[in-house]
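To start, the structure under review is shown below, and the notes come after it.
Derivation of every value follows stated rules applied to the coordinates shown; laboratory data play no part. Keep in mind it's a predicted model, so treat the numbers as computed, not measured. When we count neighbours, we look across all protein chains shown, and the Cβ atoms used for this are built from the backbone with ideal geometry, even at glycine.
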Amino acid sequence: MSASPTTVASLAAMKGRGERIAVLTCYDATFARLLDEAGVEVMLVGDSLGMVLQGHPTTVPVTLDQMVYHTACVTRGASRALVVADLPFMAYATPERALESASRLMQEGGAQMVKLEGGEPYLDIVRQLVAQGAPVCAHLGLQPQSVNQLGGYRFQGRDHASAERIRHDALAMQDAGASLLVLECVPQALAGEIARTLSIPVIGIGAGAECDGQVLVLQDMLGLNPGRAPRFSRDFMVTGGSVRDAVEAYVAAVREGSFPSAPEIAY
Ligand code: KIV
């Protein structure tokens, strides 16, 4: 494990060396310090905080102010891991809003990268963010901000047309300048194919074991959501004696490829 700060270039180099990338969500300074020390490469200030911290049924109510607040909490605690912050629902509906929102997450929050959900319709926004020096993480597959349109948290990419769209959007996002891609709830074979095709690192969640890295919601992998954690997640507190042990066990399991295992691979 390297003690030097994670950068966009070091993540790309990890992919080049075939080293898997361990990512966790994080929403505050205490956990940011702990995750940093445990060797997590990337902390995602996810809008999942709307569900796990605020108790909402979806991520839709999360506001930009709330994301800026939690991002600033995390960056105060982080010294090594790269901090990626989610652009929340509607905060990137137009290029102007996207630039304004990204500048708040990066200037006030201290994020080093912003993440947005969506494919083709957002390519120009990605190009504009990148042109202004804001690194972008794309998010394809299940896009939780669209839950009201999807009618639920549904697995994506099962049929030919949907798989083709995800393949196309992944490549287009890379071409538009995205530095990282999160694939959520897609078949392992599709995620693996995309990870092998793209030069940027592909981080999976519920997307099987063939991605360049994995991300989980912190509260899920610490067993704090009994009965609510998705089946692709794992409770690392079952074997870990402390929170620190559990996070270290997660990092090790991602690195050696033992997470996710067969029962955690949804498809
Ligand atoms: O909001 C979030 O935490 C996320 C991850 C689940 C990838 O987008």
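For Tyr69 and Glu37, what is the calculated FRET efficiency with R₀ set at 22 Å and r taken between the beta-carbons, to the nearest 0.05? Kindly include the intermediate steps, with their values, before the conclusion.
Details: r = 23 Å, r/R0 = 1.06.
Between Tyr69 and Glu37 the formula returns 0.40.
Hey, what number do you get for the chain at 222 nm if only DSSP H runs of n ≥ 4 count, each worth -39500 (n - 2.57), divided across all residues, to the nearest 500?
Values: 11 runs with 104 residues, N = 267.
Value at 222 nm, helices only, nearest 500: -11000 deg cm²/dmol.
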| note | Checked against the positive end of the charge dipole of the chain (+1 on Cβ of Lys and Arg, -1 on Cβ of Asp and Glu, about the Cα centre), the farthest of Phe89, Ser79, Leu53 is Ser79
| the range 203-267 versus the range 21-68: alpha-carbon centroid distance in Å | 15 Å
| remark: For 56-65, 78-87, ranked highest to lowest by mean beta-carbon neighbours within 10 Å, the order is 78-87, 56-65
| If we count other beta carbons within 10 Å of each Cβ, what is the order of Arg158, Arg104, fewest first? | Arg158, Arg104
| message | What are the ³J(HN,Hα) couplings of the range 21-36, residue after residue, when phi is run through the Karplus curve with 6.51, -1.76, 1.60 and θ = phi - 60°? Round to Hz, x for glycine and proline. | response | 9, 9, 10, 9, 6, 7, 10, 8, 6, 4, 5, 4, 4, 5, 5, 4
| field | Hz values of 3J(HN,Hα) by residue in the range 85-92 - Karplus curve (6.51, -1.76, 1.60), Gly and Pro given as x | value | 10, 6, 6, x, 3, 6, 7, 9
| remark: Amide H neighbours of Cys26 at under 5 Å, excluding residues fewer than 5 places away on the same chain, with H built from the backbone geometry, are Leu44, Val45, Gly46
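Roughly what % of DSSP beta bridges within the range 8-264 run antiparallel, to the nearest 5?
Details: 0 of 29 bridges.
Expressed as a percentage, antiparallel bridges in the range 8-264 total about 0.
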| query | For the range 8-264, what is the convex hull volume of the alpha-carbon atoms per residue, in Å³? | reply | 114 Å³
| said: Under 8 Å for C-alpha pairs, at least 6 residues apart: give me the relative contact order for the chain, rounded to a whole percent. | reply: 18 percent
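Would you mind calculating the gained length between Arg97 and Ser162 on full extension (0.36 nm times residue separation, minus the Cα-Cα distance), in nm to one decimal? Show your work: numbers first, answer last.
Working: separation 65, 0.36 × 65 = 23.40 nm, distance 2.83 nm.
So the extension gain works out to 20.6 nm.
Counting only C-alpha contacts under 8 Å and six or more residues apart, can you give the relative contact order of the range 8-49 as a whole percent? Walk me through the numbers on the way to the answer.
Working: 33 pairs, mean separation 16.7, N = 42.
Across the range 8-49, relative contact order equals 40 percent.
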| To the nearest 20 debye, what is the magnitude of the charge dipole of the chain about its Cα centre, counting +1 on the Cβ of each Lys and Arg and -1 on the Cβ of each Asp and Glu? | 200 debye
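Rg to Rh for the range 100-223: what is it, with Cα atoms only and Rh by Kirkwood? The partial results should precede the final answer.
Values: Rg = 14.3 Å, Rh = 14.8 Å.
With Rg and the Kirkwood Rh in hand, the quotient comes to 0.96.
Would you mind calculating the gained length between Ala252 and Gln54 on full extension (0.36 nm times residue separation, minus the Cα-Cα distance), in nm to one decimal? Let's see the in-between values first.
Values: separation 198, 0.36 × 198 = 71.28 nm, distance 2.99 nm.
In short, 68.3 nm is gained.
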| How high is the relative contact order of the range 192-239, given as a whole-number percent (alpha carbon pairs under 8 Å, six or more residues apart)? | 27 percent
| message | Output wanted: per-residue J couplings in Hz (rounded whole) for the range 95-112, from phi through Karplus 6.51 cos²θ - 1.76 cosθ + 1.60, θ = phi - 60°, x for Gly and Pro. | response | x, 5, 5, 4, 5, 5, 5, 5, 5, 5, 5, 8, 7, 8, x, x, 4, 9
| said: Show me the ranking of peptides 118-129, 225-236 by mean Cβ neighbours inside 10 Å, starting with the highest. | reply: 118-129, 225-236
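Using a Förster distance of 22 Å, how high is the FRET efficiency between Thr30 and Ala9, based on the Cβ-Cβ distance and rounded to 0.05? Show your work: numbers first, answer last.
Details: r = 29 Å, r/R0 = 1.31.
Taking R0 as 22 Å, the efficiency between Thr30 and Ala9 is 0.15.
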